[in-house]
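The block underneath contains the structure these notes are about, expressed in structure tokens.
The values are calculated or read from the model by the stated rules, or taken from the named source; none is laboratory data. Since we're looking at a predicted model, the values are computed, not measured. Here the Cβ positions follow ideal geometry from the backbone for every residue, glycine too, while neighbour counts run over all protein chains shown. Ligands, DNA and RNA are stripped out before the accessible areas are found, and what is left, the full protein with its side chains, is counted by its heavy atoms. Shrake-Rupley method; radii C 1.70, N 1.55, O 1.52, S 1.80 Å.
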Amino acid sequence: MLIGIDWGGTKIEGIALTDEGKEMVRLREETPRHNYEGCIRCVVGLVKHIEQVTRQTGSVGIGIPGSLEPKSRLGKGASSTWLLGRPVEQDLREALGREIRVENDADCLAASEAIDGAGAGYRVVFAVILGSGAGAGIAIGGRAHHGPNNSAGEWGHNPLPSPNITEIPGLPCYCGRHGCLETWVSGRAFEADYARHTQCDLKALDIVAKMRHGDRLARLVWQRYVNRVARGLSLVVNALDPDIFVLGGGMSNVDELYTDLPPELASYTFSTVFETPIRKAVHGDSSGVRGAAWLWKEN
Ligand SMILES: [Zn+2]
């Protein structure tokens, strides 16, 4: 049995898969935000609960909203800032009393979708999470690519390309820089942009619903959002030209993204043609948790 845990900024989810990828059980808890010890306890509780329900012991793979320093193995680059500098891997290993595998959540998405999702059959998969934060992962031949700095896919901390005068210097990012893509293209950024222009706090899907009902301001905010995602992804096309883009996270559920984004992106790439497929993650919100479980399947 393969247990996967998706430690996200708003929820922590656990599943158990059979070796063939069939789901046996799924559990979900709200993330104890800004409470590192609480998160560790929550992960341990989910694993124990899964093993009680299935009456089996499983391998445990965990996707975290950040990554680990290649040498010290301390948490870094995490939008869930309470992981920064923490010995996440060691603490989880001790708390669970077994070897575990920890990966960046976007790497889990990329590997999961490359193995049996939207990216199946494509060699280089660039997976993007447009959720409470914005992250990316690269899978090559079905495996997450890391690089010597464990930094592959840290796309969200590039500055927004071709900024206009209103986008400079941009909002501060938790990483210490200004105007990172994450501060423009996450679901929260979309909501914040709408709020700045309307003084009205709405959830992303409510703003989209207004747009669908003909609200002009909601449509303008949406168009600006798509344009920013396009500018961000044009960097990736020019540097890597992946075989496919797979989108995950809450914003990936907005169908208009798949019609509005390709022409916008085409207008920013150096290439005169743009034929890269842009698809929604097949396993939806489950991609991260499935990819975490698959961390032990690979070997
Ligand atoms: Zn940043």
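Take E99 and decide whether it is open to solvent by 20 Å² or more (accessible area, probe 1.4 Å), at pLDDT 90 or above and closer than 13 Å to G291 by Cα. No; evaluated as a whole, the condition is false for this residue.
For the range 237-246, name all the residues that are open to solvent by 10 Å² or more (accessible area, probe 1.4 Å) and under 16 Å from the mean Cα position of the chain (by Cα).
Pass one, the range 237-246, residues open to solvent by 10 Å² or more (accessible area, probe 1.4 Å): 237-241, 243.
Once the filter is applied, which keeps residues that are open to solvent by 10 Å² or more (accessible area, probe 1.4 Å) and under 16 Å from the mean Cα position of the chain (by Cα), the range 237-246 yields nothing.
Scanning the range 122-141 for residues that are within 10 Å of the chain's Cα centre (by Cα) and part of a strand (DSSP E or B) turns up A127, V128, I129, L130, A134, G135, A136, G137. Within the range 142-162, the residues that satisfy the criterion of being outside any loop (DSSP other than H, G, I, E, B) and within 12 Å of the ligand (Cβ to nearest atom) are E154, W155, G156, H157, P159. Here I129 fulfils each of the conditions (1) within 15 Å of the ligand (Cβ to nearest atom); (2) modelled with pLDDT of 95 or more apart from (2).
Residue under question is V221, and the condition is that it be open to solvent by less than 10 Å² (accessible area, probe 1.4 Å), within 16 Å of the ligand (Cβ to nearest atom), in contact with a helix residue (DSSP H, G or I) (Cβ under 7 Å, 6 or more places away or on another chain) and not assigned by TED's automatic domain parsing to the domain that holds V102; does it hold? Answer is no for this residue. Here D116 passes the criteria (1) farther than 21 Å from G8 by Cα; (2) within 16 Å of the ligand (Cβ to nearest atom) except the one numbered (2). Suppose we keep only residues that are within 15 Å of D285 (Cα to Cα) and outside any loop (DSSP other than H, G, I, E, B) within the range 247-257. Which one would you say is most open to solvent (accessible area, probe 1.4 Å)? Within the range 247-257, the match that is most open to solvent (accessible area, probe 1.4 Å) is N253.
Tell me, please, whether a residue that is outside any loop (DSSP other than H, G, I, E, B) and over 15 Å from the mean Cα position of the chain (by Cα) can be found in the range 276-285.
Going through the range 276-285, the residues outside any loop (DSSP other than H, G, I, E, B) turn out to be 278-280, 284-285.
Within this subset, residues satisfying the condition of being over 15 Å from the mean Cα position of the chain (by Cα) are 278.
Looking for residues that are outside any loop (DSSP other than H, G, I, E, B) and over 15 Å from the mean Cα position of the chain (by Cα), one finds at least one in the range 276-285, hence yes.
Please verify whether R33 is in a strand (DSSP E or B) and of a type in the set (K, R), treating the condition exactly as stated. For R33, the condition - in a strand (DSSP E or B) and of a type in the set (K, R) - is not met. Within the range 163-195, if we keep just the residues that are open to solvent by 80 Å² or more (accessible area, probe 1.4 Å) and within 25 Å of the chain's Cα centre (by Cα), the residue that is nearest to the ligand (Cβ to nearest atom) turns out to be R177. Can we say P277 is under 17 Å from I140 (Cα atoms), in the same structural domain as A209 (by TED's automatic domain parsing), modelled with pLDDT of 95 or more and open to solvent by 10 Å² or more (accessible area, probe 1.4 Å)? Spelling it out, P277 is indeed under 17 Å from I140 (Cα atoms), in the same structural domain as A209 (by TED's automatic domain parsing), modelled with pLDDT of 95 or more and open to solvent by 10 Å² or more (accessible area, probe 1.4 Å).
Restricting the range 30-48 to residues that are surrounded by 16 or more Cβ atoms within 10 Å (Cβ to Cβ) and touching a Lys or Arg at 6+ places or on another chain (Cβ under 7 Å) leaves a set whose member that is farthest from S132 (Cα to Cα) is Y36. The conditions of being in contact (Cβ under 8 Å) with a residue 12 or more places away in the chain, of a type outside the set (D, E) and open to solvent by less than 70 Å² (accessible area, probe 1.4 Å) are not met by S267. Filtering the range 60-77 to residues that are in contact with a strand residue (DSSP E or B) (Cβ under 7 Å, 6 or more places away or on another chain) and either without any contact (Cβ under 8 Å) to a residue 12 or more places away in the chain or surrounded by 17 or more Cβ atoms within 10 Å (Cβ to Cβ) (or both) leaves V60, G61, I62, G63, I64, P65, G66, S67, L68, G75, K76, G77. Residues in the range 196-214 that are over 22 Å from the mean Cα position of the chain (by Cα) and in a helix (DSSP H, G or I) were compared, and the one that is nearest to the ligand (Cβ to nearest atom) is R196.
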